[in-house]
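*Asks:* Can you keep this structure in mind? I'll have questions shortly.
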Amino acid sequence: MAPTALVVVSHHRPDSLTVHIGDVVAARLKEAGYEIDLLDLRAEGFDPRMTTADQPDWNDRDKAYSPEVRAHMERVLAADVIVPVFPVYWNSPPALLKGWVDRVWNYGFGYGRSRPRLAGKRMLWLGLAGASPDDDFTAWMDETLDRVLREGISHYNGIGEAAVKVLYDVEGEPQHVDEHGNFTKGEALTGAAREAHYAAMDRLAAAHVAAFLGLE
Ligand SMILES: Cc1cc2nc3c(=O)[nH]c(=O)nc-3n(C[C@H](O)[C@H](O)[C@H](O)COP(=O)(O)O)c2cc1C
């Protein structure tokens, strides 16, 4: 049986770059032999707000969570590889993705068992960021994402093989904010340069997937 990849796309606009990169990632995984489960959180109407039904009960790790969350848990369980694709908002995943983790990666399912149920799965977090690789704060943004996503979420849920990759400069125009909050914008890419920039981004997204799978 072919291995399964769960691609979790988190964006409020269907025509966003994030959704497009989600498709690129899914195509690369498919090419590598994976069955794709594409979870577009907006298209499926996922509500990221925590509910009483899905709040952990620390005295009951077998709590029956809501049917919606249980269906998401089944999709996570069925996956060999999990790839969330998301825009970086304030050095974090956006609320839509954060809420999916809050509600679905729950006590007794993702963590709280003597033997983790998600052990053996692999997870690649792929963020899209407006920042440039050489921006002053990019190094700590990357460190923060790595700490929170790879260690704080993947490892905490028993997924040892996890990585965070970021596609930078996704706006195609440099933006800079200094330590006093003064904002300046550089020249936006146009025409062929813009086309080339986004084609390179597609290739980089596919290359991150291939490298994570050990294909390059
Ligand atoms: C609310 C908000 C917060 C953002 N915070 C960051 C940030 O902390 N670091 C960064 O590099 N880019 C940040 N950005 C830029 C987004 O990462 C970028 O606009 C997005 O990835 C573009 O993808 P899209 O076209 O699919 O929306 C932010 C954008 C928004 C709207």
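*Asks:* Show that you can apply the helix-only estimate: for the chain, add -39,500 (n - 2.57) for every DSSP H stretch of four or more residues, divide by all residues, and state [θ] at 222 nm to the nearest 500. Working shown, then result.
*Replies:* On the way: 5 runs with 67 residues, N = 216.
After summing the helix terms and dividing by residue count, I get -10000 deg cm²/dmol.
*Asks:* Ok, one more. Given a 1.4 Å probe and every protein chain left where it sits, what share in percent of the accessible area of region 4-213 is carbon and sulfur? Don't skip to the end; give the middle numbers.
*Replies:* Details: 5410 of 10600 Å².
Ligands and nucleic acids excluded, carbon and sulfur reach 51 percent.
*Asks:* Count the net charge of all other residues whose Cβ sits under 15 Å from the Cβ of residue 115, scoring Lys and Arg as +1 and Asp and Glu as -1. Show your work: numbers first, answer last.
*Replies:* Values: positive: 61, 113, 117, 121; negative: 62.
Value of the local net charge: +3.
*Asks:* Once label points are set 7 Å from the Cα along Cα→Cβ at both residue 177 and residue 15, what is their separation, rounded to one decimal in nm?
*Replies:* The two pseudo-label positions are separated by 2.7 nm.
*Asks:* Sticking with this structure for a sec: May I ask you to list, by number, the DSSP H helices of the chain whose Cα span along the axis is at least 30 Å and whose average Kyte-Doolittle hydropathy reaches -0.5 or more? If you can, show how the numbers build up before the last one.
*Replies:* Details: long enough: 191-212 (32 Å, 0.30).
Span-like helices in the chain: 191-212.
*Asks:* Something else about it: Please give the residues of region 42-60, grouped as numeric ranges, whose backbone N is less than 15 Å from a label point set 7 Å along the Cα-to-Cβ vector of residue 114.
*Replies:* Under 15 Å, as judged by backbone N against the label point of residue 114, lies no residue of region 42-60.
*Asks:* Return one whole number: the accessible area per residue of the chain in Å², for a 1.4 Å probe.
*Replies:* Numbers: 11210 Å² over 216 residues.
Ligands and nucleic acids excluded, the figure is 52 Å² per residue.
*Asks:* Full-extension gain between residue 194 and residue 31, please, as 0.36 nm times their residue separation minus the C-alpha to C-alpha distance.
*Replies:* 56.0 nm
*Asks:* How about region 49-138: which trypsin sites (Lys or Arg not before Pro) there are in a DSSP loop, with at most 13 other Cβ atoms within 10 Å of their Cβ? Please report the intermediate quantities before stating the final value.
*Replies:* Values: sites: 49, 61, 63, 70, 75, 98, 103, 113, 117, 121, 122; in loops: 49, 61, 63, 113, 117, 121.
Those satisfying the criteria are 49.
*Asks:* Once Rh for the chain is found with the Kirkwood sum over Cα pairs, what is the Stokes-Einstein diffusion coefficient at 10 °C and 1.306 mPa s, in µm²/s? Spell out each step's value before the answer.
*Replies:* Working: Rh = 18.2 Å.
The estimated diffusion coefficient comes to 87 µm²/s.
*Asks:* Please compute the length gained on full extension between residue 1 and residue 66, using 0.36 nm multiplied by the number of residues separating them and subtracting their Cα-Cα distance. Could the numbers behind the result be given before it?
*Replies:* Working: separation 65, 0.36 × 65 = 23.40 nm, distance 2.98 nm.
Between residue 1 and residue 66, full extension yields an extra 20.4 nm.
The values are calculated or read from the model by the stated rules, or taken from the named source; none is laboratory data. Predicted model, so just to flag it, every value in this text is computed and none were measured. In this analysis, Cβ positions are derived from the backbone assuming ideal geometry, glycine residues included, and neighbour counts consider all displayed protein chains. The protein model used for the area step is the full one, side chains on, heavy atoms only, and it has no ligands, DNA or RNA in it. Shrake-Rupley method; radii C 1.70, N 1.55, O 1.52, S 1.80 Å.
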